[in-house]
1. Within the stretch 376-391, take every residue that is in a loop (DSSP other than H, G, I, E, B) and either crowded, with 19+ Cβ neighbours inside 10 Å or more than 31 Å from the chain's Cα centre (by Cα) (or both) and give me the one that is farthest from the ligand (Cβ to nearest atom).
2. Out of (1) buried (at least 21 other Cβ atoms within 10 Å of the Cβ); (2) within 11 Å of the ligand (Cβ to nearest atom), the odd one out for L248 is which?
3. Exactly one of these conditions fails for A431: (1) surrounded by fewer than 19 Cβ atoms within 10 Å (Cβ to Cβ); (2) of a type in the set (A, V, I, L, M); (3) more than 24 Å from M219 (Cβ to Cβ). Give me its number.
4. If I filter the stretch 148-174 down to residues being surrounded by fewer than 16 Cβ atoms within 10 Å (Cβ to Cβ) and within 16 Å of the ligand (Cβ to nearest atom), which single residue comes out as nearest to the chain's Cα centre (by Cα)?
5. Count, please, the residues in the stretch 108-147 that happen to be more than 22 Å from A93 (Cβ to Cβ), part of a loop (DSSP other than H, G, I, E, B) and away from the ligand (no atom under 16 Å from the Cβ).
6. Collect the residues in the stretch 219-234 that are exposed (fewer than 12 other Cβ atoms within 10 Å of the Cβ) and of a type in the set (V, I, T), keeping them in residue-number order.
7. Can you confirm whether the stretch 23-36 contains a residue that is free of Cβ contacts under 8 Å to residues at least 24 places away in the same chain and either more than 23 Å from V99 (Cα to Cα) or not in a loop (DSSP other than H, G, I, E, B) (or both)?
8. Of the numbered conditions (1) surrounded by fewer than 19 Cβ atoms within 10 Å (Cβ to Cβ); (2) in contact (Cβ under 8 Å) with a residue 12 or more places away in the chain, G276 fails exactly one; give the number of that condition.
Amino acid sequence: MRISVIGCGYLGAVHASAMAELGLDVIGIDVDESKIARLQAAEPPFFEPGLPEILATATASGRLTFSTDIADAKGATVHFVAVGTPQKPGSHAADLRFVDAAVEALLPHLNPGDLVVGKSTVPVGTAERLAALVEPTGASLAWNPEFLREGFAVKDTIEPDRLVYGVRDDHAVEVLDQVYRVALEAGTPRIVTDYATAELVKVAANAFLATKISFINAMAEIAEVTGADVTQLADAIGHDARIGRRFLGAGVGFGGGCLPKDIRAFTARAEELGKGESVAFLKEVDSINLRRRDRVVDLAIDALGGSVNDRKIAVLGVAFKPHSDDVRDSPALDVAVRLKGLGARVVATDPEGIENARARHPQLDYNASLDETLRDADLVVLVTEWPEFRGLDPVATGEIVAGKRVIDGRNSYDPAAWRAAGWEYRGLGRA
Ligand code: UDX
């Protein structure tokens, strides 16, 4: 089976490589020439654990090729659309221009019997509209949302939790079953449904995850004024199997290319459908999340006696989460930029995210060395819980800094151990 993958960003590059790893013939297509040149040289254009290895094997075997010419999709019988759906400038709605352009460019190259498979996260109703464009060619359309997490994208693609097919005909189910044969044989649950449900599954899952994080962060706000400890609270409620401990990590909140924009786009779409009130709570979820960034900035001001001006602050992390170089809507980078805006001498470090952060915020000072970042700092702020930051020894770290003050924006440290080493420790939702 030969497939094309249109869009070679985080989603498409991983999907193309993983499908080739599973034995399919794959052509990855993107309009960005430099991205395609790097992929052709088996160099991932972003950091993702496990991707370099499968990309190298698949390109060397000839099963995976790349092109900037959409006409090269001809000859494939399944075409995955994996382009981005960013937030529209000046609005909360999803910007569908890349999805629309990809499908329109593909139309002249489709043959009867081909299947176009949407993977991008889209507002409910998009698949129905695109099917009307695809079907006159004799091809059909399926919506097959992707649930991969950055940092675990290869594993999540090869061994997904579940497969969701939004389809209008049995042919699409047969074709997708062939594509996902390995996962299905391993027992992966498969839900076959209509377009609207498939589109909604994706946004509902992300809305639920965002809500879970903001729920615990709301509890952190209450803990902060009552002396309670939100991490113990999370442990205790998480033992209830109906609640579960995962995604109850209180801290500086969620960011990245998905959760923030997806809850906003969902709200915007619900409003268009006249059902804004059904998801009005997602606005609160967003506000709670953004308030946690304010809280970290306020704690920094407090820790430094009322002003951060001209004080050295070591910011540990710029990526939106560990094991990723992605800085899109990163709480960590946002905090660093705001502290700098308040006059602090900010030095930020991150194992993978510095290059992307510098491209967006060249005004910040970055240092790849953790020790140099910490040296002579008046305050240490942990905002992305990379293992190397979590593993810092409070005694040894105390010898490099100028002032033993730490803000643990991810509740990653043992407050007792840091206090015992002489540090002023401030966590989120912790006394
Ligand atoms: C998310 C979804 O998990 C994935 O299924 C979907 O396909 C894309 O969006 P991703 O953005 O890669 O994936 O990251 P995820 O691991 O979900 O983390 C999102 C954000 O939430 C990060 O900023 C993370 O730091 C934060 N988070 C996560 C918390 O603040 N607390 C938690 O307990 C968990």
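The values are calculated or read from the model by the stated rules, or taken from the named source; none is laboratory data. Small disclaimer: the values here were computed from a predicted structure and weren't measured. Please note: Cβ atoms are built from the backbone with ideal geometry, for glycine as well, and neighbour counts cover all protein chains shown.
1. Within the stretch 376-391, the match that is farthest from the ligand (Cβ to nearest atom) is D376.
2. Among (1) buried (at least 21 other Cβ atoms within 10 Å of the Cβ); (2) within 11 Å of the ligand (Cβ to nearest atom), L248 violates only (1).
3. (3)
4. Residue satisfying both the conditions and the ranking: R149.
5. Residues flagged as more than 22 Å from A93 (Cβ to Cβ), part of a loop (DSSP other than H, G, I, E, B) and away from the ligand (no atom under 16 Å from the Cβ) within the stretch 108-147 amount to 7.
6. V225, T226
7. Within the stretch 23-36, one or more residues are free of Cβ contacts under 8 Å to residues at least 24 places away in the same chain and either more than 23 Å from V99 (Cα to Cα) or not in a loop (DSSP other than H, G, I, E, B) (or both).
8. Condition not satisfied by G276: (2).
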